[in-house]
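Everything below concerns the one structure shown next.
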Amino acid sequence: MLFRFFPPEPPHYNIDSYDKDGNLLPAPEPIKISTSEDDSSEGSEKKSPVKMIMERHHNFREKAAVKRERDKNEPKDLTYKFVCSEPFDIPLPTAANNVELKTVKIKGGIMANVYRPLRNYKGVNKVILFSHGNATDLGGTHPLAVSLCKSTCCTVVTYDYSGYGHSGSFPSVTNTYRDVEALYDYCQSNLSDVLKEEVHVEESSVSVNNAVPAPPPKKGSSSNIILYGQSVGSGPSCWLLSKLSRKRKPPAALILHCPFTSGIRLITNSQELPCCIKLLDVFDNVKNIQHAKCPVFILHGIKDEEVDIRHSLALQEAVPETYRREPWWVPNRGHNDITEGSAGMAAYIVKVNEFLDTLD
């Protein structure tokens with residue numbers, strides 16, 4: 001099955017690159033590719049949905065090839081600064097948001113943001129690995145990541161899937177699995193100071209995108225990493241949960257935000273699939289979540305018209321009873337608006353913190 005990805009074009013952010021001497025490098029030219037939507041003018045031949053998806057996939061690969069060549073010629077030892085587009089931009093750091101930000105590029109050319117609390121008053125040693133929804137990127141995720149970090153005192157790591165934003169390669173189901181696993185390994189190797197002890201960083205010593213130097217790399221505890229999957233992000237999150245749980249190295253917890261049971265079930269809106277169809281399915285969350293060996297918290301808007309709440313009801317039932325936590329079925333909210341408005345964000349933070357407080 002070809003799952004259709006919708007990376008924002010242009011991205012909701014830019015990346016400024018600096019060499020080892022602190023000099024800002026010239027920004028690369030935007031990569032322009034034709035899309036099936038560009039050919040939708042009057043008089044043009046109407047294309048079938050399958051053909052449009054195939055052409056879109058081909059265009060993603062062309063764009064990935066250009067990015068790959070750029071990465072080959074990129075100087076080593078670069079540092080990166082995240083520049084968010086309006087209306088998602090939030091200046092950092094300030095006394096109000098109490099958050100510092102570091103932008104990194106990891107294995108596979110994946111861009112990621114690491115949000116850390118300037119002062120960890122709660123002594124929290126948890127990292128939230130956040131996998132975002134389909135039609136967004138690091139820029140669109142930025143405000144929520146800041147709020148999560150500030151309100152939970154957790155370090156929050158967001159990233160762009162392959163082919164999204166300024167990440168390399170092209171979007172595919174397999175690549176999302178590779179991406180989330182690479183970020184998980186990054187958290188263990190580079191955030192071990194967070195995962196093993198309390199963090200107390202003086203505000204005066206921090207500047208945006210320049211974090212306090214980390215100690216020599218060493219493996220952090222997987223039991224302190226929380227997987228968070230929003231919408232399509234539930235796919236890679238449930239996949240990694242299953243893989244880690246079957247290795248008897250489960251994460252600290254799993255949070256699912258308006259998830260779906262599987263790719264085909266999302267399209268057909270049916271939870272019962274013939275065996276022959278199951279073989280073609282992708283993001284089989286309802287199967288993967290059965291392997292959970294950590295607490296699972298699911299939240300879903302009751303008025304969600306993109307992913308019916310029945311998907312979350314089925315996932316909640318599939319979680320082993322020992323690890324099933326009380327879900328939050330959000331009244332009067334849909335797929336993308338659970339955290340909208342001050343009241344919505346406040347209620348969301350309360351529910352997330354209530355769940356986090358139950359963890360060791």
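The values are calculated or read from the model by the stated rules, or taken from the named source; none is laboratory data. None of these values were measured; they are calculated from a predicted model. For neighbour counting, all protein chains shown are included, and Cβ atoms are generated from backbone atoms with ideal geometry for every residue, glycine included. Heavy atoms of the whole protein, side chains included, go into the accessibility calculation; ligands, DNA and RNA do not. Shrake-Rupley method; radii C 1.70, N 1.55, O 1.52, S 1.80 Å.
Comparing Thr79, Val99, Ile128 along the charge dipole axis of the range 54-137, the residue lying farthest to the positive side is Ile128, per the Cβ-charge model.
Look at where the Cα atoms of the range 327-360 and of the range 110-135 average out, and the two centres are 17 Å apart. Check cross-link reach from Lys46 to the lysines: straight Cα distance under 27 Å, and skip same-chain residues fewer than eight apart. List returned: Lys32, Lys63. Here the calculated FRET efficiency for Glu9 and Gln290, from their Cβ-Cβ distance with R0 = 25 Å, stands at 0.10, rounded to the nearest 0.05. A crude spin-label estimate for the pair Lys51 and Asp89, with each label 7 Å from Cα along the Cβ direction, gives 4.3 nm.
Measuring with a 1.4 angstrom probe and ignoring ligands and nucleic acids, Val350 comes out at about 80 Å² accessible.
As an exercise, identify the chymotrypsin sites (Phe, Trp or Tyr not before Pro) in the range 82-155 lying in DSSP coil whose Cβ has no more than 16 other Cβ atoms within 10 Å.
When the chymotrypsin sites (Phe, Trp or Tyr not before Pro) of the range 82-155 are filtered for loop state and at most 16 Cβ neighbours within 10 Å, Tyr121 remain.
Our estimate of slack between Glu74 and Glu340, defined as 0.36 nm per intervening residue step minus the Cα-Cα distance, is 91.9 nm. With both labels modelled 7 Å from their Cα along Cα-to-Cβ, the Lys247 to Asp185 distance reads 0.9 nm. Each pair of Cα atoms in the range 55-159 enters the Kirkwood radius, and Stokes-Einstein at 37 °C and 0.692 mPa s then converts it into a translational diffusion coefficient of 214 µm²/s. You can think of it this way: the chain between Glu62 and Thr322 has 88.9 nm of extra reach, that is 0.36 nm per residue less the Cα-Cα gap.
Full extension of the chain segment joining Asp360 with Lys122 gains 84.3 nm, where the gain is 0.36 nm per residue of separation less the Cα-Cα distance. Annotation for Tyr18 and Lys107: the two label points, set 7 Å from Cα along the Cα-Cβ direction, are 2.8 nm apart. Among the listed pairs Lys51/Lys243; Lys20/Lys102; Lys102/Lys351; Lys81/Lys150; Lys76/Lys107, a Cα-Cα separation exceeding 23 Å is found for Lys51/Lys243; Lys102/Lys351. Checking the cross-link filter: which aspartates and glutamates have an alpha carbon closer than 20 Å to that of Lys47, excluding same-chain neighbours under 8 positions apart? Straight-distance partners of Lys47: Glu37, Asp38, Asp39, Glu55.
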